[in-house]
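The values are calculated or read from the model by the stated rules, or taken from the named source; none is laboratory data. Here the structure is a predicted model, which is why all the values come from computation and not from measurement. Here Cβ is always computed from backbone atoms with ideal geometry, including for glycine, and neighbour counts include all displayed protein chains.
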Amino acid sequence: MSTHADELKLRLMTIELLRTAKYKRNITYRELASKTGLPVTVLSRYAKGHVLPNTARARQLWKVLSKLVGLETELRNRIKFDEEGYFDNTDIIGDFNILQQAANHALANFAGKRVTKVLTAAVDGIPLGTMVANALGVNLIVAKRGKEIGVKAFLEETYVLGKDSGVTVTLYIPKDAIKKRDSVLVVDDMIKSGETQAALVNLIRKAKAEISGVFTLIAVGEEWKKKLKLSGECPIEVITYVKAPHEVGARL
């Protein structure tokens with residue numbers, strides 16, 4: 001991706017978020033100053049478009065403002081369990097506004113980092129993966145549960161679908177979809193067990209490419225981190241965490 005272009009996008013996005021906080025949510029400059037640690041005069045100049053924050057300050061502002069006006073609150077309001085404890089994500093992955101905000105969030109966190117491809121799993125990861133790939137200006141690769149006719153060779157990864165299920169799933173991507181020189185961002189709408197995301201990470205490793213990070217809207221519990229087996233240098237960005245099913249008496 002073009003670093004300069006993406007950094008400019010981030011700076012402009014941050015101004016829009018500041019304007020949303022000030023003019024749509026009616027948060028005063030004084031309140032914003034106390035939250036961001038920046039003087040009222042500086043925030044005013046940003047909001048009025050007189051000057052743009054530099055990239056480092058834009059990233060700092062984004063983290064604070066996104067919590068104030070935020071995507072996280074919107075997501076948590078939509079996480080609902082049915083009477084049997086299952087979570088329906090339809091209201092999230094089908095909402096363009098949420099996906100756009102999430103893509104902006106991904107850009108804010110990964111702008112300036114080397115990302116050449118986005119990898120997600122069919123089917124629920126596709127809407128978010130598409131938006132994030134578009135925001136970062138890179139191509140999207142979709143790992144599917146079946147081999148497509150016309151593709152000569154595949155990379156594949158098999159994993160168990162849920163603990164004690166006895167069911168295995170195999171994900172496939174075209175063998176030449178990821179090159180050794182690629183740096184790939186794993187994107188998915190939700191992480192629960194971490195099995196699917198670990199399979200995506202292993203596909204990248206099989207291609208001998210670099211893993212640039214993992215981005216997801218919702219993470220359930222903490223157990224999934226053990227499955228991913230990523231080093232501390234590989235960023236994992238989660239918009240919001242919810243308790244594991246056994247902690248809330250529900251299951252996803």
Worksheet entry | Residues (among the small types (G, A, S) and either within 21 Å of T130 (Cβ to Cβ) or touching a residue at least 40 places away in the same chain (Cβ under 8 Å) (or both)) located in segment 203-239 | A207, A209, S212, G213, A219
Discussion item. With the condition being of a type in the set (V, I, T), I'd like the strands (runs of 3 or more DSSP E) fully within segment 87-185 carrying at least 3 qualifying residues.
Written reply: 168-174
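Of all residues in segment 140-161, how many are loosely packed, with under 13 Cβ neighbours inside 10 Å and not aliphatic (A, V, I, L, M)?
Of the residues in that region, 6 qualify.
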Discussion item. Looking for something surrounded by fewer than 18 Cβ atoms within 10 Å (Cβ to Cβ) and assigned to a helix (DSSP H, G or I) - is there at least one such residue anywhere in segment 237-246?
Written reply: yes
Item to complete: Considering every residue within segment 25-37, establish whether at least one is part of a loop (DSSP other than H, G, I, E, B) and touching a residue at least 24 places away in the same chain (Cβ under 8 Å).
Response: yes
Discussion item. Let me confirm something: among D124, D91, which residue is charged (D, E, K, R), in contact with a Lys or Arg (Cβ under 8 Å, 6 or more places away or on another chain) and in contact (Cβ under 8 Å) with a residue 12 or more places away in the chain?
Written reply: D91
Worksheet item: at pLDDT 95 or above, in contact with a strand residue (DSSP E or B) (Cβ under 6 Å, 6 or more places away or on another chain), surrounded by 22 or more Cβ atoms within 10 Å (Cβ to Cβ) and within 30 Å of L8 (Cβ to Cβ): does that describe L119?
Response: yes
Item to complete: Answer yes or no as to whether D91 is of a type in the set (D, E, K, R), at pLDDT below 85, farther than 20 Å from L61 by Cα and surrounded by fewer than 18 Cβ atoms within 10 Å (Cβ to Cβ).
Response: no
